[in-house]
Amino acid sequence: LTCRQVLTPPVQQISTRRRSTTSTAPPVTLQFTPRQRAWECGFSPDGQLLAVAYGAPDPVIRIFEFSVSSSGVWTLQATLSGIHEKTIRSVAFGPLSTTRLLASASFDGTVAIWEPEHQFGNATSGNSSASQDWISSAQLEGHETEVKCVRWNATGSLLATCGRDKSVWIWECFLPGTVGGGSLPEEQFECLSVLHGHEGDVKSVRFAPSHGAWGDGEEILLSASYDNTIKCWAEDAGDWYCVATLSGVHASTIWSLTLSPSGARLVAGSEDGAISIYKCYTHQERREHVSNDDDNNDNNNKNDSMGLWKCVGKLESAHGQATAVYCVDYAPAKVGHGRLVSSGGDNRIQILREMPNSSSDQPLFSCEVDVTTDHGDVNCVTWHPLDGSVLASTGDDGYVRIWNFQI
């Protein structure tokens, strides 16, 4: 794993002055490079754009574009500001190739939706947004305090947010050209459900396929919290409710969740230094293969007509003794190699590969790559959606690093 490029914030000018009132010397320009944390980064579905969320004192989103014409380097395309008043903690591109959308979550308690100006006048959605300004087309309010994470579902019909107020919000999205959005000139959002149950900050949310194991909807929502638990939320007739609480696995905050491409495996990274691996059993698989003694869901013993998330593996001290794991990310299906990447408070990034003698019930991973970065705390690391040799990371040093992984 080698660092291919470091993306730094642009140099800013703060003042111009002369050395003295009587001096004829040329003006002195004072410049500085902003040094705020880079919290999270995320690629667009086509892999052409990379959005980065930055913290105080200058909370902005920077969007970088991959330029083939410039020898394959990433260049700053746009800086998004003026909406969020506090640290921007999370960013996520919408999943649709026909509509370029970006959602952002902030410590000011709001979620913003961004899009390229005049987007729907473009002939294509790919690089056509590269030279355009981005505008905020919607602001979603409701959280009482800091919003920690924002994620879309696979079709762009739902958006989930979570925060310090211990709640999880699900928003219904009506996007132009989609079912429900029809011929709307712009996207619209409505709060579908506000979910309570966690006893601490909710740090991360992820949608996953239900596999027919939970409720009557096609998707479930998973949330991870400061209360050391993961909750599974399902839908019945439009109502969302908690169907399972995964507890007793981690001893401290669960920072990050990621799912395998099939959605049948969940991986979590925690403050306690461990990475846990869960398998989703359908209700039929549960009856055939899983005993009640193995259930680690608070309410599964009373309802075996539903599925089961069972912890089937755990990597203790994945980043060293008592070192937090801040981020985990599964390589997407189109990448094809099925590896995991993790980052933590030890200034390191690791790539984990599933071993040949591994099974879905007893997964075994080996550390294939372990590199020390210059980030300090590595807050986020993520795979490129189409190219399994490319990753991006962000850290407390405020820089973004593009990595090349030799497969």
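Scan ALA213, ALA224 and give me the residue that is more than 21 Å from ALA92 (Cβ to Cβ), aliphatic (A, V, I, L, M) and in contact (Cβ under 8 Å) with a residue 40 or more places away in the chain.
ALA213
Can you tell which of GLY344, GLY338, GLY320 is farther than 16 Å from SER256 by Cβ and touching a residue at least 60 places away in the same chain (Cβ under 8 Å)?
One residue alone meets the criteria, GLY338.
Here is a check on your reading of the model: is LEU259 within 12 Å of VAL205 (Cβ to Cβ) and either modelled with pLDDT under 95 or open to solvent by 20 Å² or more (accessible area, probe 1.4 Å) (or both)?
yes
Conditions (1) of a type outside the set (Ser, Thr, Tyr); (2) modelled with pLDDT of 95 or more, marked per residue:
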site: THR323; (1), (2): no, no
site: HIS337; (1), (2): yes, no
site: VAL381; (1), (2): yes, yes
site: HIS384; (1), (2): yes, yes
site: ILE402; (1), (2): yes, yes
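From the list SER358, SER366, SER317, SER342, which one is among the small types (Gly, Ala, Ser) and closer than 22 Å to ARG401 by Cα?
SER342
Could you tell me whether ASP329 is at pLDDT below 95 and among the acidic types (Asp, Glu)?
Judged against the criteria, ASP329 is not a match.
Give just the number: which of (1) modelled with pLDDT of 95 or more; (2) open to solvent by 50 Å² or more (accessible area, probe 1.4 Å); (3) more than 19 Å from VAL312 (Cβ to Cβ) does SER252 not satisfy?
Only one criterion in (1) modelled with pLDDT of 95 or more; (2) open to solvent by 50 Å² or more (accessible area, probe 1.4 Å); (3) more than 19 Å from VAL312 (Cβ to Cβ) is unmet by SER252, namely (2).
Among the residues that make up the stretch 356-363, is at least one of them in a strand (DSSP E or B), open to solvent by less than 60 Å² (accessible area, probe 1.4 Å) and not small (Gly, Ala, Ser)?
no
Restricting to the stretch 205-224, give me the number of residues that are assigned to a strand (DSSP E or B) and not aromatic (Phe, Trp, Tyr).
Matching residues across the stretch 205-224 total 10.
So the check is Cβ under 6 Å with 6+ separation or different chains; which pairs have a first residue in the stretch 58-80 that's in contact (Cβ under 8 Å) with a residue 12 or more places away in the chain and open to solvent by 20 Å² or more (accessible area, probe 1.4 Å) and a second one that's in a strand (DSSP E or B) and of a type in the set (D, E, K, R)?
Here the result reads GLN77/GLU65; THR79/ARG62, each pair linking the stretch 58-80 to a residue that is in a strand (DSSP E or B) and of a type in the set (D, E, K, R).
Among the residues of the stretch 165-196, how many are modelled with pLDDT under 65 and in contact with a Gly (Cβ under 7 Å, 6 or more places away or on another chain)?
So the answer is 1.
Taking the stretch 225-251 as the region of interest, how many residues are assigned to a strand (DSSP E or B) and among the aliphatic types (A, V, I, L, M)?
5
Results for (1) among the acidic types (Asp, Glu); (2) over 18 Å from LEU7 (Cα atoms); (3) assigned to a strand (DSSP E or B), shown as yes or no for each residue.
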site	(1), (2), (3)
SER342	no, yes, yes
ASP370	yes, yes, yes
GLY376	no, no, no
LEU386	no, yes, no
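Considering only residues of the stretch 132-157 that are of a type in the set (A, V, I, L, M) and open to solvent by less than 30 Å² (accessible area, probe 1.4 Å), which is nearest to VAL52 (Cα to Cα)?
If we take residues in the stretch 132-157 being of a type in the set (A, V, I, L, M) and open to solvent by less than 30 Å² (accessible area, probe 1.4 Å), then VAL150 is nearest to VAL52 (Cα to Cα).
Please work out if ARG286 is modelled with pLDDT under 95 and among the basic types (Lys, Arg).
So ARG286 passes the test.
The values are calculated or read from the model by the stated rules, or taken from the named source; none is laboratory data. Here the structure is a predicted model, which means the values were calculated and not measured. Neighbour counts run over all protein chains shown; Cβ positions are idealised from the backbone, glycine included. For the accessible areas, the whole protein counts, side chains as well, though only heavy atoms, and no ligand, DNA or RNA atoms are used. Shrake-Rupley method; radii C 1.70, N 1.55, O 1.52, S 1.80 Å.
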